[in-house]
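Here is the structure we will look at.
Each value in this text was obtained by applying a stated rule to the coordinates, not by laboratory testing. In this text the structure is predicted, and so the values were computed from the model without any measurement. So basically every Cβ, Gly included, is an ideal-geometry build from the backbone, and we count neighbours across all protein chains shown.
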Amino acid sequence: MEKTKLKSFTNRLFDDMAGAMTAGLAYLGTKTGLFRTMAGNGAMSREALADASGLQLRYVTEWLSGMAAAGYVDYNPEDETFSLPEEHAFLLASDGSDHYAGGLFHMVPSLLAVAPKVADAFQNGGGVHFHDYGEEGLQALDLINRGNYEHRFADHWLAALPEVSARLTTGGTALDVGCGVGRASIALAKAFPNSLFVGVDQDEASIKAAIENAATEEASEQTRFLAENIEAMPTDQVFDLITACDCIHDLSAPLETLGAIRERLSDDGVFFVIEPKAADRLEDNFHSIGTMFYGFSVFHCMTQSLAAGGPGLGTCMGPAKTESLMRDAGFRQFEVLDIRSRVNSFYAVRK
């Protein structure tokens with residue numbers, strides 16, 4: 001046994017455990033609003049932060065110590081004050097923006113809460129169903145995606161498909177498959193007031209939230225949300241745009257669902273697909289984002305598909321596998337769109 005390698009890996013184990021605890025502490029910082037309270041307020045004592053946040057001093061004290069140890073907040077030992085750097089606040093205290101990272105931390109308790117069920121699935125098969133993640137799971141997904149959908153979908157992402165934007169501007173129809181709580185449809189409805197947007201999702205809790213969100217955003221007249229499988233939708237209505245945002249790899253019957261999407265896409269329509277950004281070769285995913293995605297897959301994406309009797313495609317399909325899946329479903333044109341993102345890949349698929 002090589003002692004140097006053993007020591008290095010021992011340090012790595014502690015680093016990884018520290019990362020897990022940091023993610024948990026960061027979740028508390030976003031959930032309780034501590035990061036928002038610190039943002040822009042400069043150096044604060046423990047007592048000042050507890051007073052400003054209305055939270056318990058003892059908990060705030062220990063949280064600050066942990067966040068300082070992790071480098072998330074700065075600590076000045078001379079006057080025992082803590083501050084949140086502007087650059088950190090940009091990611092941690094920017095709720096609703098397209099650069100807010102807090103949603104990632106909200107995934108942590110939701111995913112790890114089902115770890116015992118996932119461990120059981122390793123032994124006995126099956127998996128964890130979407131509804132098992134509960135309200136916390138829905139909120140986490142919403143926090144991760146909402147800012148991007150509201151600030152980037154219409155103005156930036158669809159700019160890569162000017163013919164689609166033009167059609168929606170004059171009056172078209174769009175369908176979002178696996179719509180979740182409806183943020184993509186609502187964002188597009190507000191950007192393209194002359195068009196109609198339909199969202200479908202099998203999860204009834206998600207659809208209920210989508211209807212409520214549309215009402216809050218005053219987009220109810222342009223949107224319709226259905227708690228059903230796309231295969232159950234009538235085939236006589238076709239859509240100019242069909243979107244599938246971060247959900248193809250979750251499907252329990254991918255070829256059947258993609259075939260149903262193709263049936264409901266107009267002859268000159270576009271199927272706009274967003275998938276996690278992963279390389280085709282395993283060794284090219286050996287980095288922090290790849291590690292995160294494989295964790296998401298085991299604890300969320302793959303296990304849901306397997307729970308429903310699906311193939312468990314996994315979060316890191318990559319472009320080649322995605323294209324092969326589309327062509328197997330009957331699509332003839334597959335285009336990788338040149339949209340810059342560290343975490344997402346974008347595809348335009350046509351009949």
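Values computed for the structure shown
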read-out: Calculated [θ] (222 nm, deg cm²/dmol) that DSSP helices of n ≥ 4 give over the chain, each run adding -39,500 (n - 2.57); value: -14500 deg cm²/dmol
read-out: Rounded if a/c under 1.5, otherwise prolate or oblate - segment 276-351, Cα gyration tensor axes; value: oblate
read-out: Straight-distance crosslink candidates among lysines, where the alpha carbon sits under 17 Å from Lys321 and sequence neighbours closer than 8 are dropped; value: Lys277
read-out: Karplus (6.51, -1.76, 1.60) ³J(HN,Hα), θ = phi - 60°, over segment 253-267, in Hz, Gly and Pro reported as x; value: 9, x, 5, 5, 5, 5, x, 5, 5, 4, 4, 9, 9, 4, 4
read-out: Segment 108-350: relative contact order as a whole-number percent, Cα under 8 Å and 6+ apart; value: 19 percent
read-out: Residues whose placed amide H lies under 5 Å from that of Gly33, excluding near-sequence neighbours; value: none
read-out: Charge tally in the Cβ shell below 14 Å around Ala69, where Lys, Arg are +1 and Asp, Glu are -1, Ala69 excluded; value: -3
read-out: Segment 3-93: translational diffusion in µm²/s, Stokes-Einstein, Kirkwood Rh over Cα pairs, 25 °C, 0.890 mPa s; value: 177 µm²/s
read-out: Extension gain (nm, one decimal) between Glu228 and Leu282, 0.36 nm per residue minus Cα-Cα; value: 16.0 nm
read-out: Whole-number Å³ per residue for the convex hull built on Cα positions in segment 212-293; value: 152 Å³
read-out: Whole-Hz couplings from phi, Karplus 6.51/-1.76/1.60, listed for segment 118-133; x for Gly and Pro; value: 5, 4, 5, 5, 4, 7, 10, x, x, x, 10, 7, 4, 5, 5, 7
read-out: Using θ = phi - 60° and Karplus 6.51 cos²θ - 1.76 cosθ + 1.60, couplings along segment 176-182 (whole Hz; Gly, Pro as x); value: 10, 8, x, 6, x, 8, x
read-out: Ranked Glu218, Glu2, Glu136, criterion: other C-beta atoms within 10 Å, fewest first; value: Glu2, Glu218, Glu136
read-out: Options (i) 22.0, 72; (ii) 20.2, 67; (iii) 19.4, 55 - which one matches Rg and Dmax of the Cα atoms in Å as calculated here; value: (i)
read-out: For Leu175, distant residues with modelled amide H under 5 Å away; value: Val198, Leu241, Ile242, Thr243
